[in-house]
Every structure is written in structure tokens, then in C-alpha cells.
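K.L.:
Starting off with a structure, shown below.
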Amino acid sequence: MWIYLNDRFVTEQDAVVSVFDHGFLYGDGVYETIRSYGSRIFMRDQHLARLRRSGEAIGLTIPIPERQWPALLHEAMTKNEVGQDHNDAYLRITISRGPGGIGLDPALCPTPTVVIMTKPLQPSPPEQYKTGVSLIVAKTRRNLPSALSPQIKATNFLNNILAKREAIAAGAFDSILLNWESQLTECTVSNIFFVRAGRLCTPALTCGLLDGITRDLLLGLARDAQIPVDEGHFGVESLRQADECFLTNTTMEVMPVTRVDGHPVGKGTPGPITRQLHGQFMANRARFLEP
């Protein structure tokens with residue numbers, strides 16, 4: 001694997017970051033996960049805009065100019081022989097505060113560290129889309145937004161890791177995190193939707209969740225299809241009353257959920273609106289690929 005590190009591509013063995021990097025020491029950094037369909041990157045500009053926004057929120061300047069990103073991402077894909085026909089690419093951009101003296105002052109780190117990792121995207125197993133996946137409600141709560149904004153896609157993921165450990169221990173696909181008021185927020189790496197009485201429901205951003213790029217796309221597709229949409233504040237009981245449930249993120253697209261805490265959602269099978277929206281996503285995704 002060839003990895004872009006700071007200003008050049010290096011082999012995986014030579015991709016070394018200093019132990020004094022504040023991303024390693026303190027989780028001080030931001031990141032984005034991007035994918036391609038074939039050679040064309042999906043929602044590229046939206047991901048890069050969120051990367052810049054996350055950096056600005058923590059006072060971290062993204063050192064690569066905006067105009068250089070498309071060529072750099074495609075060079076990473078080419079060098080790793082991904083992003084071709086029948087070979088979608090997974091790209092991970094990480095920007096850390098960079099190396100510096102031990103201490104929390106960002107001024108200790110004059111130069112950010114930039115990493116781009118690229119590999120073949122491993123799609124979710126087709127069986128999961130046919131039968132759906134199971135979730136649990138985690139005991140771990142989502143970080144309080146007033147303490148750490150969920151709109152910062154930060155490299156410090158310990159909150160989500162604790163919830164993921166709960167899901168693994170329970171034999172579930174993933175965990176749902178509740179907020180400080182016991183309201184639904186999101187799963188560890190995805191946004192959550194459910195359907196009740198023909199209405200598509202999803203937690204509002206004010207509940208304390210990341211504004212997922214695929215989440216926003218699905219909301220637009222639902223409105224185009226004249227499916228009523230409710231962005232609101234929902235408790236766990238809303239899922240128990242739901243007819244359908246699904247997750248969204250960049251790599252899994254629209255993943256049906258058929259069990260929560262061991263109980264079936266609706267009939268315990270992927271529902272019609274879930275299938276409809278995934279079909280719409282597939283039919284329209286070319287609109288959201290780079291030129």
C-alpha cells in the first residue's frame with residue numbers, strides 16, 4: 001500500500017508518524033472517510049468541505065489547498081490500483097495537529113500531519129441487505145454537545161469505541177447511542193432512520209449527532225419521493241413502535257435494521273420504504289459523483 005504522508009507518497013513500511021504527534025498523544029485531529037464508485041469519488045466536495053469545517057472548529061488549518069485535493073486523491077487511488085471498474089476505493093484522510101512538545105497548547109505543533117490511506121472498498125455482505133442487521137441500545141451515552149460538538153469529525157473516537165465494544169459483547173451489528181436526555185442520536189459510525197405510519201423519522205441534529213453526508217442525501221431523496229419526513233427528538237420507545245429502521249453512511253449506503261435489543265422491528269424484515277429509498281439511492285448516486 002502507498003500512503004500519502006505530509007508531502008509525498010511512501011510505502012506502508014515507511015509511513016511513520018512521530019510519537020510526539022498530538023494526534024497520537026491527545027487525539028487532536030480530524031478526518032474524513034470517502035469512497036469511489038469505480039473511478040469517480042462520491043460526494044467529494046461535501047466531504048472535503050466537512051473536513052475544512054472540522055479543522056476550523058478546532059483551529060487546525062488544512063495545509064493542502066482545496067484545488068489540489070482532487071488530483072491528490074486520484075493519485076492515491078492510481079498508485080494503489082483501486083478506483084477502477086468493479087473496484088471501488090476506500091479513502092481515509094487524517095489531519096492531526098502534528099508533532100510538538102508534550103502539552104496541550106496547539107502552538108507547540110507548528111506543522112500538521114497529513115495522511116491519505118487508500119485501499120479496496122469491502123462492501124457489506126449482500127445477506128445483510130436481505131435480512132437486516134441487529135442493534136442494541138448502548139449504556140454509553142453520546143458526548144454532551146456543549147462539551148464536544150458532534151459536528152467536529154474528530155480522531156478522538158473513544159466514546160464510539162466504548163459503544164462498539166458493547167455491541168460486540170452482545171453479538172450485535174452495532175450500538176445506538178442515546179444523548180443526555182435519553183433521546184436517540186446515532187450509531188457508532190452511521191446515522192439512524194426509522195419509519196412509523198408511513199413517515200420517515202430521524203433524530204434532529206440538535207440531539208447531538210454528526211450531520212452525515214449520506215443522511216442529508218437520503219432526506220433529500222425522501223422529500224423528492226414525497227415521503228413525509230420528521231427530524232425530531234425521539235426516545236427508544238419510538239423504535240419499539242417503528243415499522244422499519246435503517247442506517248446510512250458513506251460505505252454501507254442504506255442498511256436495513258430488523259432487530260433492536262433482541263426485539264423485531266416491525267415484521268422483522270427490511271421494509272418497503274427502506275427498500276424504496278435504497279433503490280432511489282442506487283438510481284441517483286451518479287448525480288453525486290465527481291465529474
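K.L.:
For GLN241 and ARG165, what is the calculated FRET efficiency with R₀ set at 22 Å and r taken between the beta-carbons, to the nearest 0.05?
P.N.:
Between GLN241 and ARG165 the formula returns 0.20.
K.L.:
For the chain, what number of Lys pairs, 8 or more residues apart or on separate chains, have alpha-carbon atoms under 29 Å from each other?
P.N.:
So the count works out to 13.
K.L.:
What distance in nm lies between label points placed 7 Å from Cα along the C-beta direction at HIS86 and TYR37?
P.N.:
About 1.8 nm, to one decimal.
K.L.:
In percent, what relative contact order does the chain have, based on Cα pairs under 8 Å that are 6 or more apart in sequence?
P.N.:
Contact order relative to length: 18 percent.
K.L.:
At a Förster distance of 41 Å, what's the computed FRET efficiency of ASN6 paired with LYS267, Cβ-Cβ distance as r, to 0.05?
P.N.:
0.20
K.L.:
Okay, moving on. Helix by helix through the chain, keep the DSSP H runs that span 24 Å or more along the axis on Cα and average at least 1.0 on Kyte-Doolittle, and give those back in order.
P.N.:
None clear 24 Å together with a mean of 1.0.
K.L.:
Here is a further query. Just to confirm the filter: which trypsin sites (Lys or Arg not before Pro) across the range 175-221 are DSSP coil and have at most 13 other Cβ within 10 angstrom of their Cβ?
P.N.:
Filter output for the range 175-221: empty list.
K.L.:
Further, regarding this structure: Given an 8 Å cut-off on Cα distances and at least 6 residues of separation, report the relative contact order of the range 87-147 as a percent. The partial results should precede the final answer.
P.N.:
On the way: 57 pairs, mean separation 19.7, N = 61.
It comes to 32 percent, rounded to a whole number.
K.L.:
Here's another thing I want to ask about it. Would you mind getting me the FRET efficiency between ARG275 and ASP224? Use the beta-carbon distance for r and R0 = 22 Å, nearest 0.05. Each step should come with its number before you reach the end.
P.N.:
Working: r = 16 Å, r/R0 = 0.74.
According to the calculation, E is roughly 0.85.
K.L.:
Further question on the same structure: Calculate the spin-label point distance for GLU75 paired with THR61, positioning each point 7 Å from the Cα along the beta-carbon direction, and give it in nanometres.
P.N.:
Output for this residue pair reads 2.1 nm.
K.L.:
Using a basic spin-label model with each label point 7 Å from the Cα along Cα→Cβ, how many nm lie between HIS233 and VAL19?
P.N.:
4.8
K.L.:
Can you give me the long-range amide H partners of VAL265? Hydrogens built in the peptide plane at 1.01 Å from N, cutoff under 5 Å, separation of 5 or more residues or another chain.
P.N.:
ARG259, VAL260
K.L.:
Given the options PRO123, PRO65, PRO272, which has the most mean-square fluctuation in a GNM of the chain, springs set between C-alpha atoms less than 10 angstrom apart?
P.N.:
It is PRO65.
K.L.:
A further question on this structure: Taking Cα pairs under 8 Å and at least six residues apart, what relative contact order does the range 210-291 come out at, in percent?
P.N.:
Working: 80 pairs, mean separation 21.6, N = 82.
Relative CO of the range 210-291 lands at 26 percent.
K.L.:
Mind listing which trypsin sites (Lys or Arg not before Pro) in the range 64-103 are in a DSSP loop and have 13 or fewer other Cβ atoms within 10 Å?
P.N.:
When the trypsin sites (Lys or Arg not before Pro) of the range 64-103 are filtered for loop state and at most 13 Cβ neighbours within 10 Å, nothing remains.
Here, each number is a calculation from the coordinates, and none is a lab measurement. Keep in mind that this is a model prediction, so the values were computed, not measured. Glycine also receives a Cβ, built like all others from the backbone with ideal geometry; neighbour counts cover every protein chain displayed.
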